[in-house]
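*Asks:* Let me begin by handing over the structure; questions about it come next.
The values are calculated or read from the model by the stated rules, or taken from the named source; none is laboratory data. Being a predicted model, the structure only gives us computed values, none of them experimental. Cβ placement follows ideal geometry from the backbone for every residue including glycine, while neighbour counts extend to all protein chains displayed. Accessible surface areas use protein heavy atoms only, side chains included; no ligands, DNA or RNA. Shrake-Rupley method; radii C 1.70, N 1.55, O 1.52, S 1.80 Å.
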Amino acid sequence: MSSSSVPATMPSPREHVERIRRERYFIGRGEQNPLAEDMHQAVNYLSQELYSKDVHFLMELVQNAEDNEYPSGVAPSLEFLITSKDITGSGASSTLLIFNNERGFASTNIESICRVGKSTKKGNRHQGYIGEKGIGFKSVFLISSQPHIFSNGYQIKFNEKPCVECNIGYIVPEWVESTPSLSDIEALYGYSKVLPTTTIILPLKCDKVDAVKQQLSSMHPEMLLFLSKIRKLSVREDNCDPKSSTVSEISISSEKNYQTRKNMHAYSYTLHLSAEESGKGEECGYYMWRQKFPVKPENRVDKRAEIDEWVITLAFPHGQRLSRGKKLLPSC
């Protein structure tokens, strides 16, 4: 075999991150990227988009998990854990960790998250992906100045403040050397359980802690009714004394009856939802109806030109609905 036919070895996660920093942001090259000013302006636009809109960060994270790919044989799950421990060493009084048992970040996902307006979901909206302007994950900057990602060997963080080496914030990856370590994360998650593939760590801004806890505490169990992949969702607090808890913990799971009844562009099925909160369990069955509707030419807009149809989902409970958040309407 000639040397020219030998496939190039894939860079390690750390090598990949260092290459992005060097080639895209000219870090360590002793010169400035001629496009640095344009990237700086693009990032400024991103920040204006983030802070001028009432982005519900929790729903963005749930939607991202819903759009992820999952290994066969697993029940897609999303877990939120809040702690007063400052495991990132950033000085945060509270930290939110998000665990997701997806396949994990690939190199293309890392490339995407290190850019503005470059989402791997674009071009796949006909499959139901929502990604738009790459703003989904970046909405975490509303509540955290230094989001961290641990996934498939990648352990990186981003900073809201401009990088001193290239004067760009939000999208410049930095390798996490030691704080936190995988051992720190496993200790919080529980050594007796297998750590999910992807962990997002958000040291919370001081003025956002109460708002985050409020959103976590008001999470509606019926949210799962309108998600096609996520089957388990939980909120818990790292607290030795349950009496001093600052969030309402909950564990939600759904089980779908796959004996669906199809009728043209619509189909129906039954779904069983269970929730456990404060040691008390509730269950409810739902009759579900999903129907597709074509997007009429006069209703098309440029930024959603790829979408050919909308899907409407209705849920009809059998008996008593789950009591938590009953006065709130579930998201569709």
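*Asks:* Limited to the stretch 1-26, what total is found for residues that are open to solvent by less than 100 Å² (accessible area, probe 1.4 Å), closer than 27 Å to G104 by Cα and modelled with pLDDT of 80 or more?
*Replies:* 12
*Asks:* Based on this model, can you work out whether K229 counts as in contact with a helix residue (DSSP H, G or I) (Cβ under 7 Å, 6 or more places away or on another chain) and modelled with pLDDT of 85 or more?
*Replies:* yes
*Asks:* Pull up the stretch 275-320, narrow it to residues that are touching a residue at least 40 places away in the same chain (Cβ under 8 Å) and in a helix (DSSP H, G or I), then point me to the one that is least open to solvent (accessible area, probe 1.4 Å).
*Replies:* R304
*Asks:* Return the only residue of A92, A42, A75, A65 being modelled with pLDDT of 85 or more and open to solvent by 30 Å² or more (accessible area, probe 1.4 Å).
*Replies:* A75
*Asks:* Let me ask you something else. Return yes or no: is V172 assigned to a loop (DSSP other than H, G, I, E, B) and either open to solvent by 60 Å² or more (accessible area, probe 1.4 Å) or farther than 28 Å from H272 by Cα (or both)? Please lay out each step first, then the result.
*Replies:* Values: assigned to a loop (DSSP other than H, G, I, E, B): yes; either open to solvent by 60 Å² or more (accessible area, probe 1.4 Å) or farther than 28 Å from H272 by Cα (or both): yes.
Spelling it out, V172 is indeed assigned to a loop (DSSP other than H, G, I, E, B) and either open to solvent by 60 Å² or more (accessible area, probe 1.4 Å) or farther than 28 Å from H272 by Cα (or both).
*Asks:* Restricting to the stretch 182-204, what's the tally of residues that are polar (S, T, N, Q) and open to solvent by less than 10 Å² (accessible area, probe 1.4 Å)? Walk me through it before giving the result.
*Replies:* Going through the stretch 182-204, the residues polar (S, T, N, Q) turn out to be 183, 192, 197-199.
Applying the additional criterion that residues be open to solvent by less than 10 Å² (accessible area, probe 1.4 Å) yields 198-199.
Number of matching residues: 2.
*Asks:* Ok, one more. Based on this model, can you work out whether K157 counts as surrounded by 14 or more Cβ atoms within 10 Å (Cβ to Cβ), charged (D, E, K, R) and in contact with a strand residue (DSSP E or B) (Cβ under 9 Å, 6 or more places away or on another chain)?
*Replies:* Working: surrounded by 14 or more Cβ atoms within 10 Å (Cβ to Cβ): yes; charged (D, E, K, R): yes; in contact with a strand residue (DSSP E or B) (Cβ under 9 Å, 6 or more places away or on another chain): yes.
Yes; evaluated as a whole, the condition is true for this residue.
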